[in-house]
Amino acid sequence: MSPQAFPHIVIGAGISGLSAAHYAARTGQDTLVLESAEQPGGCMCTRTFPELDDYWVEAGSHSCFNSYGNLLGIMERLGVLDRATAKAKQSYKLWRGGKRKSILSAMHFFELARSLPRLFGGDKSGASVREFYGRGLGEKNYRDLFGPAFRSVICQPADDFPAEALFRKKPRRKDVLRSFSMPEGLREIPRALAAGPGVELRTGCAVTEVQGEDGGYRLRCADGGEFRCDWLTLAVPPDIATGLLATAVPEAARIVGGIGMAEIDTQVLVFDKADVGVDELAGFISVDGSFLSAVSRDFLADDQLRGFAFHFPGDALDETARIQAACEALATRPEQVRAGTSMRNRLPALRKGHMDVVEALDRALAGGKVGVTGNWFLGVSIEDCVTRSRTEHERRFGALPTDAV
Ligand SMILES: Cc1cc2nc3c(=O)[nH]c(=O)nc-3n(C[C@H](O)[C@H](O)[C@H](O)COP(=O)(O)OP(=O)(O)OC[C@H]3O[C@@H](n4cnc5c(N)ncnc54)[C@H](O)[C@@H]3O)c2cc1C
């Protein structure tokens with residue numbers, strides 16, 4: 001049987017792949033998106049509990065910001081930007097020595113005041129997070145507060161992460177909420193993208209092989225399905241991209257082959273409000289606990305329930321031990337858990353010098369029909385993903401028309 005043919009295929013239905021599909025469809029390239037999981041979204045993975053009246057908790061990303069210009073443009077066009085929902089302002093707590101502490105308790109103010117001029121005058125390029133922020137915030141502040149905070153953000157050791165890829169300053173849109181969620185969680189955004197015009201999504205379809213064929217590409221899936229396309233976009237983590245590029249663009253595969261991945265075991269837990277012994281909070285930054293970080297659902301309060309996602313280093317603890325550790329931080333007991341689930345999240349483990357890898361990859365892809373996007377180019381934020389998808393689109397298909405931007 002001859003494979004089904006599409007002008008453009010995207011592999012991976014996280015925000016990178018779906019935004020790539022959206023841009024392509026906007027400029028006339030009907031796009032098929034192939035996704036190995038049973039639902040789109042990747043790390044934008046809201047978990048719902050039907051037994052608790054569809055109460056939901058974010059198991060992955062939890063916040064979008066008014067500085068996410070490309071994402072906001074897409075949401076506007078899909079008619080979902082007006083669903084952006086304000087998040088209640090709450091603070092994070094530190095989890096240190098088995099105790100909850102305030103953020104300010106770990107701050108060395110004198111050192112901070114002395115160091116800050118180096119932060120604002122400093123150049124991130126080529127520096128690791130530890131080098132740049134250790135200088136700009138002070139070594140003691142980095143050790144006691146900011147190092148653990150950065151580790152919380154990227155759910156992995158942060159010291160050797162490239163400083164450029166951690167936070168990038170982006171212009172803010174004053175007409176949009178500074179930080180927002182959606183009424184049914186952030187998964188609304190990938191769902192809206194997948195349902196957009198010119199985009200077709202097939203889930204449960206893990207692509208295992210890509211081969212160049214007659215000026216285009218032939219794709220094979222784990223279930224035996226085969227597809228053909230003229231243009232191809234990879235929007236999968238770097239270890240998967242390495243395998244898929246091996247035959248189609250071997251030089252690119254060689255370049256990205258060394259990028260590591262951080263595995264994260266996420267434990268989602270829901271309790272009755274009365275059973276949680278801590279006041280409402282944004283989450284925990286763990287300084288020396290067994291988990292890396294935790295994010296609460298308190299930003300969109302519910303009358304009866306509270307939900308949390310605790311992120312642990314992959315394969316470090318079994319589920320019982322993870323629930324025990326989370327309950328300790330929340331001053332409650334495992335018997336009080338009303339509902340829960342666990343899942344594996346994955347994030348790229350970028351290292352100092354990564355921007356040279358990206359430049360080499362871009363040289364290997366130049367002039368070809370394969371695009372590569374993801375959270376391992378500009379940084380890991382949702383907007384970094386969408387921005388990379390846009391530049392990969394423009395490299396191959398030309399500038400977006402102004403009404404598509
Ligand atoms: C716990 C956590 C919290 C975060 N919080 C925030 C936040 O609040 N704000 C923010 O901006 N960012 C946040 N991020 C980062 C951001 O969510 C991610 O970087 C981003 O969503 C990644 O999108 P992606 O499409 O590049 O990759 P992914 O979301 O990983 O998507 C890749 C997709 O490819 C699929 N796939 C893999 N292999 C194959 C294959 N062979 N065939 C077909 N499909 C395949 C996967 O199933 C997956 O769906 C967070 C990340 C995590 C893990």
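The values are calculated or read from the model by the stated rules, or taken from the named source; none is laboratory data. Predicted model only: the values in this text are computed from it and were never measured. Backbone-built Cβ (ideal geometry, glycine too); neighbour counts: all protein chains shown. Ligands, DNA and RNA are excluded from the accessible area calculation, which covers all protein heavy atoms including side chains. Shrake-Rupley method; radii C 1.70, N 1.55, O 1.52, S 1.80 Å.
Length, then width, then depth: along the principal axes, the Cα atoms of the stretch 243-377 run 60, 29, 25 Å. Whole-Hz Karplus values for the stretch 40-51 come out as x, x, x, 5, 8, 10, 5, 9, 10, 10, x, 5 Hz, taken residue by residue from phi with 6.51 cos²θ - 1.76 cosθ + 1.60 and θ = phi - 60°; glycine and proline positions read x. The calculated 222 nm mean residue ellipticity attributable to helices in the chain amounts to -8500 deg cm²/dmol, summing -39500 (n - 2.57) over DSSP H runs of n ≥ 4 and dividing by all residues.
Once C-alpha pairs closer than 8 Å and six or more residues apart are averaged by separation and normalised to the residue number of the stretch 182-298, the relative contact order reads 12 percent. For Phe6, the residues whose modelled amide H falls within less than 5 Å of its own, excluding neighbours fewer than 5 places apart on the same chain, are Arg228, Cys229, Asp230. With the convex hull of its Cα atoms as the shape, the chain has an orientation-averaged projected area of 20.2 nm². Calculate what fraction, in whole %, of the accessible area of the chain sits on carbon and sulfur atoms when a 1.4 Å probe is rolled over the protein chains. Summing carbon and sulfur atoms, their accessible area is 51 percent of the total for the chain.
Derived scalar couplings between HN and Hα for the stretch 221-233 equal 10, 4, 8, x, x, 10, 9, 10, 8, 7, 10, 9, 10 Hz in order, rounded to whole Hz, by the Karplus curve 6.51 cos²θ - 1.76 cosθ + 1.60 (θ = phi - 60°), x for Gly and Pro. Against the empirical curve 2.2 N^0.38 Å, the C-alpha radius of gyration of the stretch 282-340 lands at a ratio of 1.11. Backbone amide hydrogens, once placed in the peptide plane, bring Ala349 within less than 5 Å of Gly260, Met261, Ala262, excluding anything fewer than 5 places away on its chain. Applying 1/(1 + (r/R0)^6) with R0 = 30 Å to the Cβ-Cβ distance of Glu328 and Glu51, what FRET efficiency is obtained, to the nearest 0.05? With a Förster radius of 30 Å, E is 0.75. Between the beta carbons of Gln304 and Ala222, assuming R0 = 56 Å, the FRET efficiency works out to 0.85 to the nearest 0.05. For the stretch 271-350 versus the stretch 1-56, the inter-centroid distance based on Cα atoms is 28 Å. Between Asp159 and Arg363, the simple label model (points 7 Å from Cα in the Cβ direction) yields a spacing of 3.1 nm.
Modelled spin-label separation between Ile103 and Asp315, with each label point placed 7 Å from Cα along the Cα-to-Cβ direction: 3.4 nm. Spacing of the modelled spin labels on Asp30 and Thr391, each 7 Å from Cα toward Cβ, amounts to 3.2 nm. Can you give the log10 of the normalised intensity I(q)/I(0) at q = 0.15, 0.16, 0.21 Å⁻¹, computed with Debye over equal Cα scatterers of the stretch 163-291? Log-scaled intensity ratios, in q order: -1.13, -1.19, -1.33. Note that the stretch 90-204 presents 52 Å² accessible area per residue, ligands and nucleic acids not counted, probe 1.4 Å. Per-residue Karplus couplings for the stretch 357-373, computed as 6.51 cos²θ - 1.76 cosθ + 1.60 with θ equal to phi - 60°, are listed in order as 5, 4, 4, 5, 4, 4, 5, 5, 8, 3, x, x, 9, 9, x, 10, 10 Hz, Gly and Pro entered as x. At q = 0.13, 0.14, 0.16, 0.17 Å⁻¹, what base-10 log of I(q)/I(0) does the Debye formula yield for the stretch 1-148 when every alpha carbon is treated as an equal point scatterer in vacuo? Log10 of I(q)/I(0), two decimals: -0.94, -1.01, -1.10, -1.12.
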